[in-house]
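A.B. asks: Provided herewith is a single structure, encoded as C-alpha cells, for subsequent inquiry.
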Amino acid sequence: MTDGKVIVVTSGKGGVGKTTSTAAIASALAKDGERVCAIDFDVGLRNLDLIMGAERRVVFDLVNVVRGEASIKQALVRDKKLDSLFLLPASQTRDKDALTEEGVSSVINELKMSFDWIICDSPAGIERGATLAMRYADAAIVVSNPEVSSVRDCDRIIGLLDAKTIVAENGGRMPKHLLVTRFDTERAKTGEMLAIDDMVDILSIPLLGVVPESKDVLKASNVGSPITIANENSAPARAYMEAVRRLRGEDIPVTIPEDRKGIFGKLFRGRAA
Amino acid sequence: MNLLSLFSKKDKSASVAKNRLQILLAHERTGSGPDAMLVSRLREDILEVIKKHIEIDPEAVKIEMDRDEEVTTLGIDIELPVKASEQA
C-alpha cells in the first residue's frame with residue numbers, strides 16, 4: 001500500500017503561476033512513472049482542468065466527492081497521455097464553503113492509499129479554499145514572481161503554513177520550497193528585477209527552482225498541455241523537471257535554464273530541504 | 001492570400017485556445033449540473049441492467065464523458081469478472 005506524499009502549491013497572490021506549476025510538476029512526476037493525483041481546490045473558479053486539457057471530460061468534482069454524491073474513482077479524470085496521472089477537478093458551480101475539513105481530510109486519506117503524490121493546487125487568497133488546500137500537506141511549494149507584492153504575499157502564506165496546517169498543529173515543521181516563476185534573466189542582470197538570492201534571503205526558505213519567463217508557457221496553456229509535456233526541451237520545462245528532481249530528494253544545484261541550446265544559466269547555491 | 005489568412009497563420013495555438021474556450025463556455029453557460037446528474041442516473045440504470053445478467057462490482061463501472069462542439073460522447077467502461085462469460 002502506498003503512502004502518498006501531499007504537496008500544496010500555494011502563493012497567496014493570484015496569477016503567479018500556481019496552476020501552471022501544479023500541472024507541470026504533476027506531469028513531470030507522472031512521466032517518471034510516479035502515480036500522481038492533482039487536486040484543484042479553486043472551487044467556483046476551476047482552471048486546472050483547462051491547463052491539463054481535461055476540461056471536456058470532467059463529470060464529477062471534489063465537492064461531489066466530499067458530499068458523497070460520487071466516489072473518488074468516479075470523479076478522477078485520467079490524463080489522456082499519461083496513464084498514471086489523474087485530476088480531481090474543483091466544482092465550478094458551488095462556492096468555497098461547500099468544502100468541509102472532514103470531507104477534504106477523508107478524500108486526501110483515500111487518495112494517499114493509491115497515489116505516490118497528491119498535488120493540491122491552492123486558490124489565491126488566504127481564505128477557506130487556500131487554508132483547506134494546505135491543511136493536510138506534508139510539504140509546500142511556495143510560488144513567487146520576482147516582484148514585491150508577490151514576495152510579501154508569500155511571506156504571509158509561509159506564516160499560515162507554520163500555523164494552520166496539521167503538521168504545524170502537531171508541533172512539526174512544514175517543509176517549504178520556494179519556486180520562482182516568470183524570471184527574466186536579462187532584467188535581473190540590469191538590476192530591474194528582484195534577484196533570486198534576495199528572494200531566498202527575505203523569505204528564508206530553500207529554493208526549489210527558477211522558471212524563466214517564456215512564450216512557451218502561454219502556448220502550452222493554449223493547447224491544454226502542461227509545459228513539461230507540450231515542449232519538454234523548452235527552458236521552463238527543464239526548470240520544472242529540475243525542480244521535480246529536487247522535490248524527489250536529489251541534491252543538485254539550481255540552474256536557470258535558457259532557451260539557447262546547450263547553454264545553462266548561472267548557478268545558484270540554493271538547495272531544497 | 002488576403003490579410004486575414006496571414007494573421008490566422010501566425011500562431012496555431014491561439015486558435016486552439018479560442019476553440020477550446022468556445023466549446024467549454026458553451027457548456028458552462030447552459031449549466032454543467034445536469035451533466036453530472038445525467039451520468040449518475042445512467043450509471044445506476046446501466047448497473048441494474050448488467051446485474052440482471054452478471055455479478056459485477058459497482059466500482060468496476062466507469063462512465064466517461066467527452067464534450068465536443070456538436071456532440072457529447074458517453075463512454076462506458078465495465079470491468080467484467082473472469083467468470084462473466086460462463087454465467088451469461
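A.B. asks: Compute the Kirkwood hydrodynamic radius of segment A:5-247, taking the inverse of the mean of 1/r over all pairs of distinct Cα atoms, and give it in Å to one decimal.
C.D. replies: Details: mean 1/r = 0.0565 Å⁻¹.
Taking the inverse mean of 1/r over all distinct Cα pairs, segment A:5-247 comes out at 17.7 Å.
A.B. asks: Which of the residue pairs A:Lys31/B:Lys62; A:Lys13/A:Lys215; A:Lys215/B:Lys62; A:Lys18/A:Lys189; A:Lys13/B:Lys62 have a Cα-Cα distance greater than 29 Å in the structure shown?
C.D. replies: A:Lys215/B:Lys62; A:Lys13/B:Lys62
A.B. asks: Sequence-distant or interchain residues sharing an amide H contact under 5 Å with A:Leu207, placed H: which?
C.D. replies: The answer is A:Leu178, A:Arg271.
A.B. asks: Right, here's the next one. Could you derive backbone 3J(HN,Hα) for segment B:59-76 from the dihedral phi with the Karplus parameters 6.51, -1.76 and 1.60 (θ = phi - 60°), listing whole Hz in sequence and x where the residue is Gly or Pro?
C.D. replies: Going residue by residue, I get 6, 8, 9, 10, 10, 10, 10, 9, 8, 10, 4, 8, 10, 10, 9, 10, x, 10 Hz, with x marking Gly and Pro.
A.B. asks: Taking 8 Å as the Cα distance limit and 6 or more residues as the minimum spacing, I'd like the relative contact order of segment A:123-230 as a percentage.
C.D. replies: Reported relative contact order: 26 percent.
A.B. asks: Tell me, what HN-Hα J-couplings in whole Hz come from the Karplus equation 6.51 cos²θ - 1.76 cosθ + 1.60 at θ = phi - 60° for each residue of segment A:80-93, using x for Gly and Pro?
C.D. replies: 6, 9, 9, 5, 9, 10, 10, 10, 10, x, 7, 7, 9, 9
A.B. asks: Given a Förster radius of 45 Å and the C-beta distance between A:Asp155 and B:Met37 as r, what FRET efficiency does 1/(1 + (r/R0)^6) yield to the nearest 0.05? All intermediate terms of the calculation are to be shown ahead of the outcome.
C.D. replies: On the way: r = 44 Å, r/R0 = 0.97.
Here the calculated transfer efficiency is 0.55.
A.B. asks: Residue by residue, what Karplus-based ³J(HN,Hα) values in Hz, rounded to whole numbers, does segment A:197-212 have, using 6.51, -1.76 and 1.60 with θ = phi - 60° and x for Gly and Pro?
C.D. replies: These are the phi-based 3J(HN,Hα) values: 4, 5, 5, 5, 4, 5, 7, 6, 10, x, 7, 9, x, 10, 9, x Hz.
A.B. asks: Another question about this same structure. Excluding residues on the same chain fewer than 8 positions from B:Lys52, give the aspartates and glutamates whose Cα lies under 15 Å from its Cα.
C.D. replies: B:Glu44, B:Glu86
A.B. asks: Please report the antiparallel percentage of DSSP beta bridges with both residues in segment A:5-247, rounded to the nearest 5.
C.D. replies: 5
A.B. asks: Related question: For A:Ile39, what residues show an amide H to amide H distance below 5 Å, using hydrogens built from the backbone and excluding near sequence neighbours?
C.D. replies: A:Leu88, A:Ile119, A:Cys120, A:Asp121
Since every read-out is calculated from the coordinates, none of them should be taken as a lab result. Here the structure is a predicted model, which means the values were calculated and not measured. Glycine also receives a Cβ, built like all others from the backbone with ideal geometry; neighbour counts cover every protein chain displayed.
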